[in-house]
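Worksheet: the structure to be examined is printed underneath.
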Amino acid sequence: MFIDALGLDDEYRIESEICIIGGGVAGITLALEFEKRGIEVVLIESGGFQSEEANRDLYRGESVGLPYRFADGCRSRYLGGSSNCWGGWCRPFEEDDFVARHWVPYSGWPFERSELEPYYERTHSILQLGPTNFDASFWVDAIGRSNVRRHSYAGDDVIDVISQFSPPVRFGQVYRSQLKQARHVTVFLNANVTDISTEGGQSVRYARLRMLNGRSATVAAKIFILATGGIENARLLLLSNKDRPQGLGNHHDLVGRFFMDHPCLTTATVRFRDGWSDNMLYDAKFHYRNDAVAAHGTCIAGHLSLSPKARERERLLNTNITFVPIFPGEYTGVKDALVRLKRRLEGVQETQRSLLREFLTLAGQPLNTLGFIAARYLQMGSLQMRSLIDHTRLQVICEPAPNPDSRVTLSMARDQLGLNRVKVDWRLGDQTKRTIDRTVALVAEELSRSGVADIALDPPIVENGWPESFSQEGCWHHMGTTRMHESPKLGVVDPNCRIHEITNMYVAGSSIFPTAGGDFPTTTIVALALRLADHIASTLDRGSSADIVTKLANAESTLRTP
């Protein structure tokens, strides 16, 4: 059931067993799991069914570290959350990602990968993925195409890994009908949680809601789950400072610290040897949701990485490397304009740029525009025309090292609701730079030895700093700001995702990640949400559920029909 909070009476009171704050991937997964168990839930979502400028503005803030774009186009403040601007890549974290690595300070999860294994299996139906198999040979054999094949490596340092593509699932669209028909879940849209009130900072009493039309409401529940994303989770805890001046869960000044995103950059120049230039398996532009690189009804992508043994020997972080062809017009603004137009057509782009401005960009460079379209959109499957590719580079996505000085804090500027905006200080240290330099060098050596390609390396990042090709918006994977650890001195939440100092408040999403892995957080977000739902359901006192009365509006929602 959906209710538009803009139509509620002022000071409306809502009561339920569970209150989930945030209607994104984690929040919707949790709500539907509780629906199956007959547990009463209210789901609070800041936006409606589509993007609107007034809601988008609530995400904006300051970037004070590495130049970093984290609001418009990077997050979606409406039902479905980040799934609305998600590319669909899916891969579970590796076993090594959960381990405390002696060369990576603050690394290690409070449990092994095996803890999430049954939940990883359950993510496949939710994310609409294929078989629970990520072995490269399994997929290449099933595809059976001459231009989708693995490299054979002469050494043991370089490995290939496989990710699967979700269609991608837009949670607010795919699961809208289930939420609408749910007997035990009520979704309040256009409702912003502005404060979480506690009794002495130890247990949550209620959450305060404010709507953009000035009305307010409160939500009382047995259990609260914060699931608003890697930046907003920290922001809301810091804003809830009436009982605790430093904010909730922040006894040890950890809320907002360890902010992570995966840095992404292109580097080195690739010259393929005979027979390898048409291979689509590791090609970032040609394997993306491409039916020619698919089997079992699922599109896949191949990536290069270093083996766990090589990473330990070299004291490196995890990485994900693909080939990326450079098309005509790649660095002229044409590419970005075409991508934004495509995302507008898909209904997922959030931008302040006008359509006129986009078309003027394309019209001003007709040759680059036509060249890019021909190279990108006419080369899927058997239509590859390699002559349209200017050259090929390596795209590197790197695990960031956990850094307590990389953090989210509150700005002095305020939004429409009178709340402090965020200040994001994204930092990446020398270990991340060295990982990229050394990983690329090792991959280049292996590709040459195995007869695949010759690689001309760019100047080392450690010595020369981040190149112009460095993507200063990362991968939009906001992680780490409410990290998980057994000790409250090293983590905001415990191994069951409960805030250490608060008896009835949990956190879901990638903000609880202690480390970030090589890439692709969505599968792990869903797995952790499923695990959290099981934990809460097993501990909830079902005997008293009949005493809980949910006071919901009887009027039909006034939201627009999508």
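Laboratory data are not the source of any read-out in this text; all were calculated from the coordinates shown. This is a predicted model, so every value here is computed, not measured. Here the Cβ positions follow ideal geometry from the backbone for every residue, glycine too, while neighbour counts run over all protein chains shown.
Using θ = phi - 60° in the Karplus curve 6.51 cos²θ - 1.76 cosθ + 1.60, the 3J(HN,Hα) couplings for region 407-420 round to 7, 10, 10, 9, 8, 6, 5, 10, 8, 4, 8, x, 8, 4 Hz; x is entered for Gly and Pro.
A Förster radius of 22 Å, combined with the Cβ-Cβ distance separating Asp253 from Trp103, puts the computed FRET efficiency at roughly 0.30.
Given an 8 Å cut-off on Cα distances and at least 6 residues of separation, report the relative contact order of the chain as a percent. That works out to 26 percent. Given their separation in residues at 0.36 nm each and the Cα-Cα distance between them, Arg344 and Met412 gain 21.2 nm when the chain is fully extended. If you line up the long axis of helix 430-449 against the longest principal axis of the chain, both from Cα atoms, how many degrees apart are they, to the nearest 10? Compared with the principal axis, the helix lies near 40 degrees.
How far, in degrees from 0 to 90, does helix 522-539 lean away from the longest principal axis of the Cα atoms of the chain, to the nearest 10? Between the helix axis and the principal axis of the chain, the angle is about 30 degrees. Other residues with beta-carbon under 14 Å from the beta-carbon of Ala234 carry, at +1 per Lys or Arg and -1 per Asp or Glu, a net charge of +3. Extending 7 Å from the Cα toward the beta-carbon at both Ile159 and Ser487 defines two label points whose distance is 3.0 nm. Count Lys and Arg as plus one, Asp and Glu as minus one, and take only other residues whose Cβ is under 14 Å from that of Asn213; the net charge is then -3. For the chain, the longest principal axis of the alpha carbon atoms and the long axis of helix 117-127 meet at an angle near 90°.
Where does the charge balance sit around Leu355 when Lys and Arg score +1, Asp and Glu -1, over other residues with C-beta under 12 Å from its C-beta? So the surrounding residues net to +3. If the chain linking Arg205 and Thr269 were pulled fully straight, counting 0.36 nm for each residue of separation and taking away their Cα-Cα distance, it would gain 17.2 nm. Computed over the alpha-carbon atoms, the chain gives an Rg to Rh ratio of 0.97, Rh here being the Kirkwood radius from the mean inverse distance. Cross-link partners of Lys36 among lysines, defined as those whose alpha carbon lies under 30 angstrom from its own and excluding same-chain residues fewer than eight positions apart: Lys180, Lys222, Lys551. So if we plug the beta-carbon distance of Gln181 and Asp454 into 1/(1 + (r/R0)^6) with R0 = 41 Å, what FRET efficiency do we get, rounded to 0.05? The formula returns an efficiency of 0.10 here. With helices as the sole contributors, the chain gives -7000 deg cm²/dmol at 222 nm; each DSSP H run of n ≥ 4 counts as -39500 (n - 2.57), and the sum is divided by every residue. Classify region 26-125 as rounded, prolate or oblate from the Cα gyration tensor: take a ≥ b ≥ c as the square roots of its eigenvalues, call it rounded if a/c is under 1.5, otherwise prolate when a/b beats b/c and oblate if not. Taking the square roots of the gyration eigenvalues as a ≥ b ≥ c, region 26-125 is oblate.
Excluding residues on the same chain fewer than 8 positions from Lys335, give the lysines whose Cα lies under 21 Å from its Cα. Lys335 reaches Lys285. A straight Cα-to-Cα reach below 14 Å connects Lys423 with the aspartates and glutamates Glu62, Glu232, Asp405, Asp415, residues fewer than 8 places away in its own chain not being considered. Here the calculated FRET efficiency for His391 and Leu360, from their Cβ-Cβ distance with R0 = 35 Å, stands at 0.80, rounded to the nearest 0.05.
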